[in-house]
Amino acid sequence: MFIRNLMTTVLTVSLLTGMHLTPEATAVEQSAMRLWYNKPAPDSDAGWVNDSIPMGNGYMGVNVFGRTDSDRIQITENSLYDWGSDKGLKRRGLNNFAEVYIDFDHTKTSSYTRELDLNKGISTVNYEQGGVKYSREYFTSYPDKVMAIRLSASKAGTLSFTLRPTIPFLGTGKSGSVSAKGDTITLSGVMSYFNIKFEGQFKVIPKGGKMKASSGNDTITVSNADSAVILIAVGTNYKFDPQVFLTTAAADKLKGFPDPHAKVTGYLADAAAKSYEELLANHQADYTELYDRVSLDLGAAEPAIPTDELVDAYPAGASSRYLEELAFQFGRYMLICSSRAGTLPPHLQGIWNVYARPPWSSQYLHDTNVQMAYAPAFCANLPELFESYVGFFNVFVHRQRQYATQYIKQYNPAQLDKSRDNGWSGPFWTNPYNVTGKSPVAGFGTGSWIAQMFWDYYDYTRDESLLADTVYPVMYEQANFVSRFVKDVDGFLLADPSSSPEQKLRNTVGTTFDQQMFYENHHNTLTAAKILGRSDKRLDIYETQLPLLDPIQIGKSGQIKEFRQEEYYCDANKALDPHHRHASMMLGLYPGQLINDSTPAWLDAAKTTLTLRTRSSNIGWARAERIAMLARVHDGEEAYAYYKDLLEGNYMHNLFNDHRGDPLFQADANYGATAGVAEMLLQSQDHVVAPLPALPAAWSEGSYSGILARGNFEVSVQWSDGHASRLEVLSKAGGTLKLRYPNVAKAVIMTPEGKSVDFAAKGSDLIGIKTTKGQIVVVTDIPVCIPVIAPSNLKVDKDVKSQIELSWTGSADAASYNLYRAVGNAPDYELIASNIKGTDFVYKASDLKQIDQMTLKVAAVRADGRASDAGATVIR
Ligand code: FUC
């Protein structure tokens, strides 16, 4: 249950190298995390989506069925794309690259198991047939760009099989052939819409026995071998090149790019020059370096039942902690498989697709889905995986710059820069070949939301050269577009036209979505400019504009408005869905930073809005997003309720996420669930490192290591009975560590060697420590803090202009009460009365007559002086 400090690793390293313990050496043993099954995946589309095991290395996505009659390995390559005139869910898109069969004809098997070991990034199949134990091991290697499969048998000379790669969907816009020669099968062809040349090569390396290529059948047969290795490499003539997006004619987009033959041949030759053991070691080193950064232990023992039964049993509450840990790590695993530098980023289905018409064409949607895919990259300590998106963005942005000029000309011509320096505008739909322009479905805020991922990339890593070279130009140019696009409306600078993602009130003015996203990007750009010491005339414009972007408006239900014309929650238009899956007016709460603990009135409004949105949406990614949003308002119980909804309602047997019960796989909720859980365990949106900000009672015991906070602080925590017993923070970039936890200022704060550490305290719950790069701070002996029960049910009994009579239901903890007010859209409360002894109060103030709307709040104060975090609010 407790953190398992892997002193063995630490000691081995130090004994071997004679080195002192480095911060990185504070390793924590990973819990054994695996998906396993006692039957193969059914050979069908349903088997693919529910049961097959996903793997991937950025270059290819693979679904392994683990069958014994004829194993099936389905391969996806993210650039093999089709298009056409069909619309909606019938539209073509990402295509299935290859269906590879390995025929064994083993039909009388026993003791069958297959598994995916998340600790190693390896999948295995084991069974017995005819007194022989057969096993297979599969992995996809990023460093060596191949998939490797090792087939073995317990008795020499008993391994026989036929390798049979095929091209799916031939004839429907796709031509090609398969041919076997010597030890290699080559599959190649053309996908005609974008003129994509594709090639896959499969090399068989048997030990013992005989091998025969049969050109007629396009197969290779191995007979009576001891063991064998199969290596697979794939590719197309796609390249990260602006030409792809700047060329209009579909068939010319890849013109002049080299045929993939040489590339794929090279991948395979390089891999084949290494032994299987060497390939495996390369893969392990690459994979575990990423995966091992974070561990999570909620106290679960590894269950005895297979994963499909575990998923099915979850609604009844069986072995749930294990599935909760597993799904968290599975999201990290999926991102490692699907987002690697130099390869296309994860789309709606990550890097996995079996269809010719995948859901929403497996595109990149920037009104939540892409951003959700990358949420765990930062908090779950995989920031460099974002490089995959950086590579793609830097290519398609060339087209977005053209759109920016077009839209400024169209919507705000007075602001047009004639030399076309108008920044870039946000795309909504993107695929590897096209970016669309504006869409009434989502506002222009999609661009600033993309820029926010770049900001997070810096904010979590604090690498200044990354900021200067990769991040700042993207934010600055986005701010450039926004600064020209917004229009003066009643003294504010608003988006026009403007939409809130997927809501039915479209092409309106100044939606909260657009305004919040614009605000955050202007703000982050100005912060970045200060860090880099930049100044120029446009930055001055952003500075002047920032306070006029009006990102938050509080409505009469106490809600954060989604639309400016809204008064009470969701009353702006009859067509609006009050339970909508999107909660775009709250992106400043999450994944943004605008609404945080230093804006308590906005935080309360966010809480109210989340309650009004209700828990009724069954959409996977929406549930995942709400986990994080509820964590940000410190409601651990509600956050956990959404995590349970997701695990119960949307996880399939292979842990793929079912978008809405179709089954329709979308990877975003997988990534999003990981990020949501991380937000329950650690937050830092206000640049204060806050461990366990939303811990549910169900997770009363546990530990984690390596979750990342803004500022590049790596945090590890042990807790029991809901209270942290040990916090450890590794400062990876230096700088001031602000740490918030109840009673942290009264704890013992030391270096790992036991030397005391200087800190400054603000109250009992916040400390500041000046750290140097590589420094570790350990906090122990934290006095337990029992939270103060909040009062409830605050009511305005009488309101006569200059006097408001208030009453509330008291708290058993209260020695007295504090009363606060936040006028209009104010982010923070002012204290208006303290030391109130009863549960009612007559509030008199000379300015009450002039105030249209304000939020009143009452909090309980205990005898020890601690006030309740939450309170009761009412809108006047
Ligand atoms: C957005 C979401 C939908 C779905 C689609 C692919 O439009 O609103 O729920 O995820 O993308």
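The values are calculated or read from the model by the stated rules, or taken from the named source; none is laboratory data. Everything quoted here is computed from the prediction, not taken from an experiment. All Cβ positions, glycine included, derive from the backbone under ideal geometry; neighbour counts span all protein chains shown.
When you check S319 against the structure, is it modelled with pLDDT under 95 and polar (S, T, N, Q), yes or no? Considered against the rule, which asks whether it is modelled with pLDDT under 95 and polar (S, T, N, Q), S319 comes out as yes. With respect to E289, determine if the residue is over 18 Å from the mean Cα position of the chain (by Cα) and either at pLDDT 95 or above or within 16 Å of the ligand (Cβ to nearest atom) (or both). When the stated conditions are applied, E289 passes them. The residues in the stretch 752-784 that are more than 30 Å from D463 (Cα to Cα) and surrounded by 17 or more Cβ atoms within 10 Å (Cβ to Cβ) can be counted, and the count is 2. For R710, the conditions (1) assigned by the TED database to the domain that holds G768; (2) touching a residue at least 60 places away in the same chain (Cβ under 8 Å); (3) in contact with a strand residue (DSSP E or B) (Cβ under 7 Å, 6 or more places away or on another chain) are fulfilled apart from (3). For the stretch 666-697, a residue qualifies if it is away from the ligand (no atom under 16 Å from the Cβ), of a type in the set (A, V, I, L, M) and either outside any helix (DSSP H, G or I) or in the same structural domain as Y590 (by the TED database) (or both), and the qualifying residues are L682, V688, V689, A690, L692, A694, L695. For the structure I just gave you, tell me whether V354 is modelled with pLDDT of 95 or more and in contact with a Leu (Cβ under 9 Å, 6 or more places away or on another chain). In short, no. Answer with yes or no whether F240 is surrounded by fewer than 22 Cβ atoms within 10 Å (Cβ to Cβ) and not in a strand (DSSP E or B). The answer is yes for F240.
Of all residues in the stretch 259-278, exactly one satisfies the criterion of being within 19 Å of M191 (Cβ to Cβ) and outside any helix (DSSP H, G or I), namely D259.
Residues of the stretch 793-828 that are part of a loop (DSSP other than H, G, I, E, B) and over 13 Å from A872 (Cα atoms): K801, S802, A812, D813, A814, A815, G824, N825, A826, P827, D828.
Table: residues versus (1) crowded, with 24+ Cβ neighbours inside 10 Å; (2) assigned by the TED database to the domain that holds K732; (3) over 22 Å from G620 (Cβ atoms); (4) within 16 Å of the ligand (Cβ to nearest atom).
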| site | (1), (2), (3), (4) |
| --- | --- |
| L348 | yes, no, no, yes |
| R357 | no, no, no, yes |
| C379 | yes, no, no, no |
| E384 | no, no, yes, no |
| E387 | no, no, yes, no |
| R399 | no, no, yes, no |
| Q402 | no, no, yes, no |
| I408 | no, no, yes, no |
| T436 | no, no, yes, yes |
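Selection over the stretch 578-626 of residues that are closer than 21 Å to H366 by Cβ, among the aliphatic types (A, V, I, L, M) and in a helix (DSSP H, G or I) gives a count of 4. The one condition from (1) surrounded by 19 or more Cβ atoms within 10 Å (Cβ to Cβ); (2) closer than 15 Å to V264 by Cβ that A225 does not meet is (2).
Among the helices (runs of 4 or more DSSP H) confined to the stretch 470-571, the ones with at least 2 residues that are touching a Phe, Trp or Tyr at 6+ places or on another chain (Cβ under 7 Å) and away from the ligand (no atom under 16 Å from the Cβ) are located at 472-485, 512-532. Just one of the listed residues (K133, K90) is more than 27 Å from P260 (Cβ to Cβ) and modelled with pLDDT under 95, namely K90.
In summary, V370 fulfils each of the numbered conditions (1) over 10 Å from the mean Cα position of the chain (by Cα); (2) within 16 Å of the ligand (Cβ to nearest atom) with the single exception of condition (1).
Within the stretch 435-469, restricting attention to residues that are touching a helix residue (DSSP H, G or I) at 6+ places or on another chain (Cβ under 7 Å) and assigned to a loop (DSSP other than H, G, I, E, B), the residue that is farthest from F518 (Cα to Cα) is G437.
Flag set for N793, criterion: touching a residue at least 60 places away in the same chain (Cβ under 8 Å), on the phi > 0 side of the Ramachandran plot and touching a Ser or Thr at 6+ places or on another chain (Cβ under 7 Å). Restricting attention to the stretch 623-649, the residues that are of a type outside the set (D, E) and within 12 Å of the ligand (Cβ to nearest atom) add up to 2. Exactly one residue out of A697, A678, A673, A667 is farther than 14 Å from E325 by Cα, at pLDDT 95 or above and surrounded by 23 or more Cβ atoms within 10 Å (Cβ to Cβ), and it is A667.
For the stretch 71-94, which positions are part of a strand (DSSP E or B) and touching a residue at least 40 places away in the same chain (Cβ under 8 Å)? Steps first, answer last, please.
Going through the stretch 71-94, the residues part of a strand (DSSP E or B) turn out to be 71-81, 94.
Answer for the stretch 71-94, where residues must be part of a strand (DSSP E or B) and touching a residue at least 40 places away in the same chain (Cβ under 8 Å): D71, I73, Q74, I75, T76, E77, N78, S79, L80, Y81, L94.
Screening R613 with (1) basic (K, R); (2) within 16 Å of the ligand (Cβ to nearest atom); (3) under 18 Å from the mean Cα position of the chain (by Cα) gives one miss only, at (3). Looking at the structure I just gave you, is F492 over 20 Å from Q685 (Cβ atoms) and surrounded by fewer than 24 Cβ atoms within 10 Å (Cβ to Cβ)? Spelling it out, F492 is indeed over 20 Å from Q685 (Cβ atoms) and surrounded by fewer than 24 Cβ atoms within 10 Å (Cβ to Cβ). Apart from one condition, I531 fits all of (1) of a type in the set (A, V, I, L, M, F, W, C); (2) more than 21 Å from M372 (Cα to Cα); (3) crowded, with 16+ Cβ neighbours inside 10 Å; the exception is (3). Screening the candidates L187, L170 for the property of being closer than 30 Å to S339 by Cα, surrounded by fewer than 19 Cβ atoms within 10 Å (Cβ to Cβ), in the same structural domain as T68 (by the TED database) and touching a Gly at 6+ places or on another chain (Cβ under 7 Å) yields one hit, L170.
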